[in-house]
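Each remark here refers to the structure printed beneath this line.
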Amino acid sequence: MGELGATLLPRLVAVSGDTHVLTSPSDTEPFLVDWRGRYRGAARAVVRPGSTAEVAAIVQLCAEAGVPIVPQGGNTSMCGGATPDASGTAIVVALTRMNRVRAVDADNATITVESGATLHAVQRAAAEVGLLFPLSLASEGSCSIGGNISTNAGGTAVLRFGNARELTLGVEVVLADGRVWDGLRGLRKDNTGYDLKQLFVGGEGTLGIVTAVVLKLFPAPASRVTALAGVANVERAVVLLRRMRQALGDRLTGFELISDIALALSRKHHPGLPDPLPGHPWYVLLQVDDPSSDIALAATVEAAIATAVETDVVRDAVVASSADQANRLWALRENISEAQRREGPNIKHDIALPVSAIPEFLGRAEQALSAALPGVRFVVFGHLGDGNLHYNLSAPAGVDARGFMTNADVANRIVHDLVHAARGSISAEHGIGQLKRSELTHYKSDLELELMRRIKAAFDPQGIFNPGKVL
């Protein structure tokens with residue numbers, strides 16, 4: 001990398017200050033390991049810029065020296081998308097210092113924030129002006145908005161509000177030569193050529209570094225109803241979804257499917273959580289919101305569920321009678337991922353299918369996987385309302401979890417082949433990162449891959465942004 005590479009660190013210190021250019025192993029360690037502990041890399045340094053101008057200067061220096069850059073937000077990636085490789089040549093650019101709320105426009109119902117702001121901080125800033133930012137994830141206290149945008153995050157409210165892509169109006173991006181594109185427009189309608197921002201939403205930091213975004217806000221809910229229902233099978237859960245949408249329209253915000261094994265695992269590692277409906281093979285957790293103080297909302301939900309019970313769509317159900325009860329029901333769902341992490345390594349699949357295809361997929365996948373991996377435990381949960389399943393496989397009881405991971409390739413091929421046959425997606429909301437890079441090339445057409453590579457080459461001709469991810 002020549003003379004420029006040899007003098008890069010002092011130049012980075014001149015940009016961000018010596019306290020924000022980390023090189024000692026004890027300081028850099030948290031930035032070099034992914035949240036799941038699956039990927040571990042190395043880096044020349046971790047740089048923590050405090051402004052867009054600093055990010056631009058850092059990128060320009062790295063571009064001149066030919067040094068790769070790994071952008072990182074809250075480091076909560078599920079696919080190793082923010083972890084450098086083991087070569088030690090890269091610079092990690094951690095954006096956590098860039099966490100300011102730049103503007104809240106209540107009349108335009110938008111908020112402009114820097115990429116390092118946590119999702120929870122954005123939710124709180126919206127709530128302070130009586131509005132709602134609806135993106136909601138289990139990791140919202142630590143994940144960053146930049147990461148949410150770069151992976152096109154989904155979460156529990158996609159059914160009503162859409163993914164991060166639908167919630168993003170504008171972006172500010174540092175390009176591969178250090179120039180800054182200011183696309184921070186708070187417009188719902190802007191038909192002036194190609195919608196460039198959409199290339200960076202879901203781009204996983206491979207095309208540029210998103211430093212700030214303009215996001216949509218919505219009226220905050222004044223009424224909320226949360227319920228948990230037990231169902232005999234997923235076919236009935238799909239029928240319940242259709243009926244609840246008919247009865248409630250777009251007030252149905254969340255509709256989560258949870259297997260009995262996933263629920264039991266959540267309670268095993270969080271024994272203080274409730275167990276209000278024991279003994280059912282599948283559960284649905286649903287949430288209904290209304291921006292008006294609709295005193296009849298609970299009655300409407302209860303009536304719809306009662307009809308579902310009478311017609312054998314639902315076996316039994318409980319409706320939360322307080323905000324605390326609702327939070328505890330949601331904790332059952334939100335703590336599944338953490339419970340899995342405590343249980344040990346597991347084979348994860350973040351897949352999307354047409355809702356109508358999910359029951360058949362689950363039946364065929366269970367049959368094939370049980371034959372290939374006898375005793376495998378199916379830890380299945382996800383956002384049934386938008387067709388996104390977290391289809392995770394844990395080792396059979398008594399089997400070493402790490403040894404079980406050697407079956408990942410076999411399991412992936414079974415699951416992903418079935419998903420592909422149903423015209424689904426092998427990545428719904430977690431991205432590709434390095435985990436699914438080979439799977440992407442297996443299932444994407446040659447033409448799609450060619451177009452993606454052309455875009456990458458146009459935006460990042462040196463290939464310095466997040467190498468080894470996605471493509």
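The values are calculated or read from the model by the stated rules, or taken from the named source; none is laboratory data. The structure presented is a predicted model; accordingly, all values stated were derived computationally and were not measured. All Cβ positions, even for glycine, are placed from backbone atoms using ideal geometry, and neighbour counts span all protein chains on display.
In the set (1) touching a Gly at 6+ places or on another chain (Cβ under 9 Å); (2) within 30 Å of P221 (Cβ to Cβ), the condition left unmet by L167 is number (1).
Counting the residues of the stretch 15-40 that are closer than 23 Å to S139 by Cβ, out of contact with any strand residue (DSSP E or B) (no Cβ under 8 Å at 6 or more places or on another chain) and of a type outside the set (D, E, K, R) gives 3.
Among the residues making up the stretch 316-330, those that are buried (at least 16 other Cβ atoms within 10 Å of the Cβ), part of a helix (DSSP H, G or I) and of a type in the set (A, V, I, L, M, F, W, C) are A326, L329, W330.
With respect to V239, determine if the residue is among the hydrophobic types (A, V, I, L, M, F, W, C) and assigned by TED's automatic domain parsing to the domain that holds G146. Reasoning before the result, please.
Details: among the hydrophobic types (A, V, I, L, M, F, W, C): yes; assigned by TED's automatic domain parsing to the domain that holds G146: no.
Spelling it out, it is not the case that V239 is among the hydrophobic types (A, V, I, L, M, F, W, C) and assigned by TED's automatic domain parsing to the domain that holds G146.
Take the conditions (1) surrounded by fewer than 24 Cβ atoms within 10 Å (Cβ to Cβ); (2) within 30 Å of P68 (Cβ to Cβ); (3) out of contact with any Gly (no Cβ under 7 Å at 6 or more places or on another chain); V129 misses just one of them, which is (2). Of all residues assigned to the stretch 381-396, at least one qualifies as being farther than 14 Å from S259 by Cβ and surrounded by fewer than 20 Cβ atoms within 10 Å (Cβ to Cβ).
Taking residues in the stretch 223-234 that are touching a residue at least 60 places away in the same chain (Cβ under 8 Å) and closer than 21 Å to S321 by Cα, and partners anywhere that are part of a strand (DSSP E or B) and polar (S, T, N, Q), the pairs with Cβ atoms closer than 6 Å and at least 6 places apart or on different chains are T226/Q287. Filter the stretch 191-208 down to the residues that are in contact (Cβ under 8 Å) with a residue 40 or more places away in the chain and over 18 Å from the mean Cα position of the chain (by Cα), then identify the one that is farthest from G433 (Cα to Cα). Once the filter is applied, the top-ranked residue is G208. Among the numbered conditions (1) farther than 30 Å from A65 by Cβ; (2) in contact with a strand residue (DSSP E or B) (Cβ under 7 Å, 6 or more places away or on another chain); (3) of a type in the set (A, V, I, L, M), the only one that A264 does not meet is (2). Looking only at the stretch 94-131, residues that are outside any loop (DSSP other than H, G, I, E, B) and either acidic (D, E) or out of contact with any Lys or Arg (no Cβ under 8 Å at 6 or more places or on another chain) (or both) come to 18 in all.
Screening V410 on (1) over 30 Å from V180 (Cβ atoms); (2) β-branched (V, I, T); (3) not in a helix (DSSP H, G or I) shows it passes everything except condition (3). Kindly establish whether T83 is crowded, with 21+ Cβ neighbours inside 10 Å, in a loop (DSSP other than H, G, I, E, B) and β-branched (V, I, T). Taking the combined requirement at face value, the residue satisfies it. The residues in the stretch 433-471 that are closer than 24 Å to N148 by Cα and part of a loop (DSSP other than H, G, I, E, B) can be counted, and the count is 14. So Q60 fits all but one of (1) surrounded by 19 or more Cβ atoms within 10 Å (Cβ to Cβ); (2) assigned to a helix (DSSP H, G or I); what number is the exception? Going through the list (1) surrounded by 19 or more Cβ atoms within 10 Å (Cβ to Cβ); (2) assigned to a helix (DSSP H, G or I), Q60 breaks only (1). As a summary of the residue check, T89 satisfies the conditions (1) within 22 Å of R179 (Cα to Cα); (2) in contact with a Pro (Cβ under 8 Å, 6 or more places away or on another chain); (3) not assigned by TED's automatic domain parsing to the domain that holds A176 except for the one numbered (1). Counting only residues that are of a type outside the set (A, V, I, L, M, F, W, C) and either on the phi > 0 side of the Ramachandran plot or in contact with an Asp or Glu (Cβ under 8 Å, 6 or more places away or on another chain) (or both), the stretch 367-384 holds 3 of them.
Is one or more of the residues making up the stretch 166-176 hydroxyl-bearing (S, T, Y) and without any contact (Cβ under 8 Å) to a residue 24 or more places away in the chain? No, there is no match, as no residue in the stretch 166-176 is hydroxyl-bearing (S, T, Y) and without any contact (Cβ under 8 Å) to a residue 24 or more places away in the chain.
The single residue among R402, R437 that is modelled with pLDDT under 95, touching a Pro at 6+ places or on another chain (Cβ under 7 Å), at negative phi and surrounded by fewer than 21 Cβ atoms within 10 Å (Cβ to Cβ) turns out to be R402.
State whether one or more residues within the stretch 92-101 are in contact with a Gly (Cβ under 6 Å, 6 or more places away or on another chain) and among the hydroxyl-bearing types (S, T, Y). Yes, the stretch 92-101 contains at least one residue that is in contact with a Gly (Cβ under 6 Å, 6 or more places away or on another chain) and among the hydroxyl-bearing types (S, T, Y).
Taken together, the criteria exclude V93 from residues that are in contact (Cβ under 8 Å) with a residue 12 or more places away in the chain, over 30 Å from G186 (Cα atoms) and among the hydrophobic types (A, V, I, L, M, F, W, C). Within the stretch 63-80, the only residue that satisfies the criterion of being of a type in the set (A, V, I, L, M), part of a helix (DSSP H, G or I) and in contact with a helix residue (DSSP H, G or I) (Cβ under 7 Å, 6 or more places away or on another chain) is A65.
This table checks each residue for (1) within 24 Å of D289 (Cα to Cα); (2) under 24 Å from the mean Cα position of the chain (by Cα).
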site	(1), (2)
A42	no, no
C79	no, yes
A82	no, yes
A94	no, yes
R97	no, yes
R100	no, yes
V113	no, yes
P134	yes, yes
E140	yes, yes
